[in-house]
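Down below is the structure, laid out as structure tokens.
The values are calculated or read from the model by the stated rules, or taken from the named source; none is laboratory data. This structure is a prediction, so every number in the text was calculated from the model and none was measured. With ideal geometry, Cβ positions are generated from the backbone for all residues, glycine too; neighbour counts draw on all protein chains shown. Side chains are part of the model used for accessible areas, which takes the heavy atoms of the whole protein and leaves out ligands, DNA and RNA. Shrake-Rupley method; radii C 1.70, N 1.55, O 1.52, S 1.80 Å.
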There are 2 protein chains.
Amino acid sequence: MRSVTIKDVAGRAGVSTATASRVLSGHPSTSPAARTAVEQAVADLGFRPNAQARSLRRTTTQTLGLLLPDIRNPFFADLAHAVEQRARDFGYLTLFGNANESVEQQDRYFDVMLSQRVDGLIAAPQGDRASLAGILGSGLPTVFVDRVIDGADVPSISPDNRTGIHEAVEHLLGLGHRRIGYIAGPQSTSTGRERLRAYQEAISGTAADDDGGLVHVGDFQAASGAAGAHALLDLADPPTAVLAADSLMSIGAIGVCNERGVAIGADLAFVGYDDIEAFTLLNPALTVIAHDVDAMGRGAVEMLVAVIAGEAAESRVLPSRLIVRGSTMDSPKGPSA
Amino acid sequence: MRSVTIKDVAGRAGVSTATASRVLSGHPSTSPAARTAVEQAVADLGFRPNAQARSLRRTTTQTLGLLLPDIRNPFFADLAHAVEQRARDFGYLTLFGNANESVEQQDRYFDVMLSQRVDGLIAAPQGDRASLAGILGSGLPTVFVDRVIDGADVPSISPDNRTGIHEAVEHLLGLGHRRIGYIAGPQSTSTGRERLRAYQEAISGTAADDDGGLVHVGDFQAASGAAGAHALLDLADPPTAVLAADSLMSIGAIGVCNERGVAIGADLAFVGYDDIEAFTLLNPALTVIAHDVDAMGRGAVEMLVAVIAGEAAESRVLPSRLIVRGSTMDSPKGPSA
DNA sequence: CGATTCCATGGAATCGATTCCACAAGTATG
DNA sequence: CATACTTGTGGAATCGATTCCATGGAATCG
């Protein structure tokens with residue numbers, strides 16, 4: 001059961017471990033004879049180098065950490081896929097951690113990533129600068145993706161939260177909506193804060209109602225979207241249009257509308273976040289604020305590779321855009337119209 | 001930039017590395033004085049043990065490998081989440097690999113997992129016994145999840161593919177359907193094969209039409225579900241009901257129905273696979289064959305932990321069940337009715 | 001009170017691969 | 001033909017933490 005080591009290989013090939021190692025790592029100073037002997041021995045014994053031992057001696061592990069808040073959120077699942085594929089191109093293995101939208105689990109994973117000596121870290125962080133002090137002070141090359149942390153000197157690649165929301169609000173105003181509800185993300189995340197702020201900016205100074213009761217703050221999970229939908233629909237003067245700040249809350253909210261017999265597209269205009277395939281299947285299909293997840297994931301890896309190489313990386317903001325579909329095609333009904 | 005080692009800790013605490021190590025790993029033979037000194041030094045220096053060095057010396061890495069075919073498939077995303085949470089309970093870190101429904105990528109990840117010396121592997125495999133010879137011969141404790149490999153002596157936890165399909169077909173027969181189309185999964189996977197076989201069994205000997213044209217074999221990706229829907233709807237005598245063998249193909253097929261103006265639930269009955277939250281939002285909501293993903297993920301970890309401990313693990317089959325919703329409530333229309 | 005056990009401790013070996021260094025043999029240059 | 005330079009090689013040090021073994025001192029026992 002003991003696994004095959006380079007010593008066994010060297011012994012069988014009749015060379016020293018030094019030579020065997022050189023052959024394996026493609027060092028130029030190796031004779032053809034040694035090369036074939038070692039390769040034959042490797043094949044015969046089924047040798048597989050021990051990554052632990054190699055990483056210990058070299059200072060690099062050829063491993064990237066990826067820390068996401070919720071793998072069940074399709075946006076992050078897509079992001080994980082994009083990051084992993086791009087990391088593979090650079091010869092990196094992706095070590096994946098799911099923080100479960102919990103600061104404690106995030107901290108545990110930071111520890112794990114540091115212990116595993118990943119060469120770099122891509123994270124969609126939560127919490128503030130203080131709670132991230134561990135990582136920020138560790139010197140580990142890090143890139144933030146999707147979310148950023150104010151005041152942290154870490155390059156990031158994130159969506160343009162402002163423009164998408166502005167376009168959506170203007171679109172709804174153009175359709176005649178004056179009571180526009182908003183289901184916000186957690187204010188402990190930059191995306192949650194920026195999107196809420198953008199909503200407030202977009203509303204203020206327009207014909208739209210601007211009372212705080214139209215905002216429900218959730219936590220990016222489906223249940224909070226459902227709670228938000230109930231709260232908004234229970235208002236004495238309910239909104240005629242609703243925006244939700246991520247895909248899971250959109251799902252929760254739409255479910256509640258269906259239960260309560262509120263017809264999306266007819267009784268209520270709805271704008272979701274993130275362009276998930278299933279959203280196009282709804283009847284009517286969902287108007288969404290979309291961004292290019294693949295570009296974000298690939299870009300994050302490329303930035304991190306640059307940071308690891310010691311180059312300066314500029315933070316990037318990727319455009320968001322509104323995709324108008326049936327869920328916002330009609331003008332509002334009822335007293336507000 | 002050089003990271004803090006146990007030597008630095010020992011030096012600062014005024015003890016040997018042996019004593020420092022004993023304090024850190026909770027060895028009983030340590031004096032309170034040594035303990036506090038070492039703990040203080042660890043805190044002062046921000047010491048984090050090097051997992052590589054530790055794993056090299058011990059034979060264990062406290063790491064599990066998880067190899068899935070497609071993280072963007074919500075079923076596998078849920079599975080990944082369940083596995084990771086349960087693994088954490090046992091003190092294991094999950095090293096995650098996404099094979100992208102490709103046998104080559106799967107092989108690469110097997111190599112990586114072996115090199116990383118994971119303590120055990122949970123995989124939803126593809127290919128046949130020959131292509132998995134590497135893993136099967138390696139002696140690495142392994143558990144298969146969702147999918148199995150015929151003739152491989154590896155414990156597995158998988159869904160009861162047969163019963164769910166039988167219930168679905170009987171349900172459709174009961175509604176009067178006689179032309180029941182089937183969008184099958186790839187025949188290189190056990191789930192693809194077993195579900196197709198179950199469909200054929202369930203159909204044969206009944207009043208339903210049993211010609212091969214009603215079956216379209218896809219690859220568990222959305223595009224193949226779309227292709228299957230086109231093929232079935234283009235038949236001279238198209239089906240009045242369709243089953244799809246996984247969630248992504250269901251999404252693809254439903255999209256095509258929407259495009260072509262085929263009203264699901266009215267013009268066409270549709271049964272999907274896997275109970276994804278978004279499926280309940282469709283109008284009408286989707287009838288699906290569901291299984292308990294969480295139990296499967298947790299069960300896989302528990303089995304693997306047993307295998308690692310040298311215990312025998314019995315393969316398990318988890319029940320599937322049909323959840324009837326609006327997409328199959330109506331009787332068929334048209335000439336076949 | 002002497003002998004035995006127990007406990008905390010440090011020195012050194014160890015895990016497996018890489019790499020520095022020294023050396024021998026072969027090739028090129030004056 | 002002597003010197004310098006290249007090339008392939010093996011011995012041994014190294015990475016950082018763990019653990020075996022030996023040792024000295026305190027506690028326990030007959």
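Tell me what the protein assembly as shown gives for mean residue ellipticity at 222 nm when only DSSP H runs of n ≥ 4 count, each as -39,500 (n - 2.57), the sum divided by the residue total, rounded to 500 deg cm²/dmol.
Details: 24 runs with 278 residues, N = 674.
So the helix-based figure for the protein assembly as shown works out to -12500 deg cm²/dmol.
If you run the Gaussian network model on chain B, springs between alpha carbon atoms under 10 Å, then out of B:L79, B:L281, B:L243 the most flexible one is B:L281. Among the trypsin sites (Lys or Arg not before Pro) in segment B:241-337, those located in a DSSP loop and surrounded by at most 15 other Cβ atoms within 10 Å of their own Cβ are B:R260, B:K333. Restricting the calculation to alpha carbons of chain B gives Rg and Dmax of 25.7, 90 angstrom.
Over chain A, Cα pairs under 8 Å with separation of 6+ residues give a relative contact order of 16 percent.
Could you tell me the convex hull volume per residue, in Å³, taken over the Cα atoms of segment A:26-97?
Details: hull volume 9.5 nm³, N = 72.
Dividing the Cα hull volume of segment A:26-97 by its residues yields 133 Å³.
Rounded to the nearest 100 Å², what's the accessible area chains A and B bury against each other, both chains counted, probe 1.4 Å?
On the way: alone 15820 and 15820 Å², together 26970 Å².
Interface area, both chains combined: 4700 Å², rounded to the nearest 100.
Its alpha carbons give segment B:6-49 an Rg and a Dmax of 8.8, 24 Å.
Taking all protein chains in place and a 1.4 Å probe, what share, in percent, of the accessible surface of segment B:278-327 do carbon and sulfur account for?
Details: 1020 of 2100 Å².
Roughly 48 percent of what the probe reaches on segment B:278-327 is carbon or sulfur.
Simple spin-label estimate for A:F90 and B:D150 gives 4.4 nm between the two label positions (7 Å along the Cα-to-Cβ direction from each Cα).
Normalising the Debye intensity of the protein assembly as shown to I(0), with uniform scatterers on Cα atoms only, and taking log10 at q = 0.05, 0.08, 0.11 Å⁻¹ returns -0.28, -0.69, -1.19. When chain B is treated as a GNM with alpha-carbon contacts under 10 Å, the residue of B:N73, B:N50, B:N161 showing the greatest mean-square fluctuation is B:N50.
What does the charge count around B:S115 come to, taking other residues whose C-beta lies under 10 Å from its C-beta (Lys +1, Arg +1, Asp -1, Glu -1)?
Working: positive: A:R48, A:R54, B:R117; negative: B:D111.
Result for the local shell: +2.
Between identical copies, the spacing of A:R178 label points, each set 7 Å from Cα toward the C-beta atom, reads 5.9 nm from nearest to farthest. Here is the list for segment A:273-322: GluC sites (Glu not before Pro) lying in DSSP coil, each with at most 12 other C-beta atoms within 10 angstrom of its C-beta, are A:E311, A:E314. With a Förster radius of 41 Å applied to the beta-carbon distance between B:A295 and A:S138, the computed FRET efficiency rounds to 0.60.
Helix B:247-259 and the longest principal axis of the C-alpha atoms of chain B enclose an angle of approximately 40°. Inter-copy label distances at B:S315, shortest first and taken from points set 7 Å along Cα to Cβ: 5.3 nm.
Taking springs between alpha-carbon atoms closer than 10 angstrom, which of A:G127, A:G91, A:G14 fluctuates most in the Gaussian network model of chain A? Evaluated over chain A, the most mobile residue of the options is A:G14. Copy-to-copy label distances for B:G91, where each label lies 7 Å from Cα along Cα-to-Cβ, are 3.5 nm in order of increasing length.
Expressed as a rounded percentage, what relative contact order does segment A:1-43 have, with Cα pairs under 8 Å and six or more residues apart? All intermediate terms of the calculation are to be shown ahead of the outcome.
Details: 35 pairs, mean separation 16.7, N = 43.
39 percent.
Relative to the longest principal axis of the Cα atoms of chain A, the long axis of helix A:161-174 lies at roughly 30 degrees.
Any chance you could run the full-extension gain for A:T36 through A:A266? It's 0.36 nm times the residue separation minus the Cα-Cα distance, nm to one decimal.
Numbers: separation 230, 0.36 × 230 = 82.80 nm, distance 7.32 nm.
Full extension of this stretch gives 75.5 nm more.
May I ask you to give the percent of accessible area on segment B:192-261 that is carbon plus sulfur, with a probe radius of 1.4 Å?
Details: 1330 of 2640 Å².
C and S fraction of accessible area: 50 percent.
If a spin label sat at a point 7 angstrom from the Cα of B:R178 along the line to its beta carbon, the backbone N atoms of segment B:193-220 nearer than 14 Å would be those of B:206-211. From a point 7 Å beyond the Cα of B:S188 in the direction of its Cβ, which residues of segment B:125-161 have a backbone N at a distance under 20 Å? Of the residues in segment B:125-161, B:125-137, B:144-152 have backbone N under 20 Å from the label point off B:S188.
The Cβ shell under 10 Å around A:R193 holds other residues with a net charge of +1, Lys and Arg each +1, Asp and Glu each -1.
Compute the FRET efficiency between B:R316 and A:S3 as 1/(1 + (r/R0)^6), taking r as their Cβ-Cβ distance and R0 = 45 Å, and round to the nearest 0.05.
Numbers: r = 30 Å, r/R0 = 0.66.
The calculated FRET efficiency here is 0.90.
Under the combined filter of DSSP loop state and at most 15 neighbouring Cβ atoms within 10 Å, segment B:82-128 retains these chymotrypsin sites (Phe, Trp or Tyr not before Pro): B:F90. Amide H contacts for B:L243 (H built 1.01 Å from N in the peptide plane; partners 5 or more residues away or on another chain; cut-off under 5 Å): B:G181, B:Y182, B:I183, B:V271. Using θ = phi - 60° in the Karplus curve 6.51 cos²θ - 1.76 cosθ + 1.60, the 3J(HN,Hα) couplings for segment B:178-192 round to 10, 10, 10, x, 9, 9, 8, x, x, 7, 8, 10, 5, 5, x Hz; x is entered for Gly and Pro. In degrees between 0 and 90, to the nearest 10, how far off the longest principal axis of chain B does helix B:32-45 point, with axes built from Cα atoms? Value to nearest ten degrees: 60. For segment A:259-299, a decrease in accessible area of 10 Å² or greater in the assembled protein chains relative to the isolated chain, with a 1.4 Å probe, applies to A:E277, A:A278, A:L281, A:L282, A:N283. If you take the Cα centroid of segment A:130-159 and the Cα centroid of segment B:16-77, the two points sit 24 Å apart.
Per residue, how large is the accessible surface of chain B? Use a 1.4 angstrom probe and give square angstrom.
Details: 13490 Å² over 337 residues.
It amounts to 40 Å² per residue over chain B.
Note on A:L235 and A:R57: the extension gain reaches 57.6 nm, defined as 0.36 nm multiplied by sequence separation minus the Cα-Cα distance.
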